[in-house]
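The values are calculated or read from the model by the stated rules, or taken from the named source; none is laboratory data. Nothing here was measured: the structure is a model prediction, and the numbers come from that model. All Cβ positions, even for glycine, are placed from backbone atoms using ideal geometry, and neighbour counts span all protein chains on display.
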Amino acid sequence: MGKVLARQELLDEVKKLNLQNKTIGLTNGCFDLLHTGHIKSIEEAKHRCDYLVVLVNSDTSIKQLKGDTRPIIKEADRTYTLASLVYVDFVCVFNETSPLKLIELIKPDIYFKGSDYDLNELPEALAVKSYGGRVENLKLIEGYSTTKLIDKIRLSCQI
């Protein structure tokens with residue numbers, strides 16, 4: 001099982017792993033309703049690195065990004081669920097709407113993001129490239145989307 005760590009704890013762990021020349025991969029997101037698409041992406045990322053860090057938007061940052069009806073699942077539950085996945089080594093919550101500052105501190109060897117993002121324009125990806133890190137797209141699993149799941153649930157409640 002992975003560990004849910006505070007920011008400084010994560011930075012300390014990363015420092016130790018860097019001294020051991022371990023490959024650190026990093027991905028981020030809201031992970032509001034964890035679904036098969038998320039898990040397959042996380043699994044794919046883990047197969048490309050020694051240690052996988054998952055940065056998770058705080059409840060506050062999700063509200064700023066997606067509105068007052070989100071998140072559906074509170075951050076303590078989201079982080080616990082993610083940390084319980086065999087593919088995840090470390091989970092850390094960030095309060096900003098972007099994980100950019102934390103990524104710049106961690107300096108992962110590989111930054112992973114879904115193929116629905118343009119890695120040539122994403123500030124996080126550009127930051128990773130600036131110090132020589134790699135950025136890699138993860139395949140999207142067709143038919144899986146948190147927004148679509150929420151819409152489906154809302155529709156089923158109206159019937």
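Restricting to region 128-157, name every residue that is modelled with pLDDT of 85 or more and of a type in the set (Gly, Ala, Ser).
Once the filter is applied, which keeps residues that are modelled with pLDDT of 85 or more and of a type in the set (Gly, Ala, Ser), region 128-157 yields 130, 132, 133.
For residues that are of a type in the set (Asp, Glu) and within 17 Å of residue 83 (Cβ to Cβ), scanning just region 13-54, find the one that is surrounded by the fewest Cβ atoms within 10 Å (Cβ to Cβ).
Step one: list which residues in region 13-54 are of a type in the set (Asp, Glu), which gives 13, 32, 43-44, 50.
When the remaining residues are screened for being within 17 Å of residue 83 (Cβ to Cβ), the result is 13, 32, 43.
Working: 13: 19, 32: 23, 43: 15.
Going through the qualifying residues, I end up with 43.
Taking residue 107 as meeting all but one of (1) on the phi < 0 side of the Ramachandran plot; (2) modelled with pLDDT of 95 or more; (3) in contact with a strand residue (DSSP E or B) (Cβ under 9 Å, 6 or more places away or on another chain), write down the number of the exception.
So residue 107 meets the others, but not (1).
Give the residues of region 1-36 that are in contact with a strand residue (DSSP E or B) (Cβ under 6 Å, 6 or more places away or on another chain) and without any contact (Cβ under 8 Å) to a residue 12 or more places away in the chain, sorted by residue number.
The answer is none; no residue qualifies.
In region 91-117, how many are more than 22 Å from residue 47 (Cα to Cα), among the β-branched types (Val, Ile, Thr) and assigned to a strand (DSSP E or B)?
Number of matching residues: 1.
When you scan region 118-132, how many residues do you find that are within 17 Å of the chain's Cα centre (by Cα) and either of a type in the set (Lys, Arg) or part of a loop (DSSP other than H, G, I, E, B) (or both)?
Number of matching residues: 3.
Can you tell me which residue in region 55-109 is surrounded by the fewest Cβ atoms within 10 Å (Cβ to Cβ), limited to those that are among the hydroxyl-bearing types (Ser, Thr, Tyr) and under 21 Å from residue 1 (Cβ atoms)?
Looking at residues that are among the hydroxyl-bearing types (Ser, Thr, Tyr) and under 21 Å from residue 1 (Cβ atoms), I get 84.
From the list 93, 88, which one is in contact with an Asp or Glu (Cβ under 6 Å, 6 or more places away or on another chain) and either within 21 Å of residue 8 (Cα to Cα) or touching a residue at least 60 places away in the same chain (Cβ under 8 Å) (or both)?
One residue alone meets the criteria, 93.
Being among the basic types (Lys, Arg), assigned to a helix (DSSP H, G or I) and either within 9 Å of the chain's Cα centre (by Cα) or modelled with pLDDT of 95 or more (or both) is the filter here, so list the residues in region 41-68 that pass it.
The first filter runs over region 41-68 and keeps only residues among the basic types (Lys, Arg), leaving 46, 48, 63, 66.
Next cut, assigned to a helix (DSSP H, G or I) only: 46, 63, 66.
Answer for region 41-68, where residues must be among the basic types (Lys, Arg), assigned to a helix (DSSP H, G or I) and either within 9 Å of the chain's Cα centre (by Cα) or modelled with pLDDT of 95 or more (or both): 46, 63.
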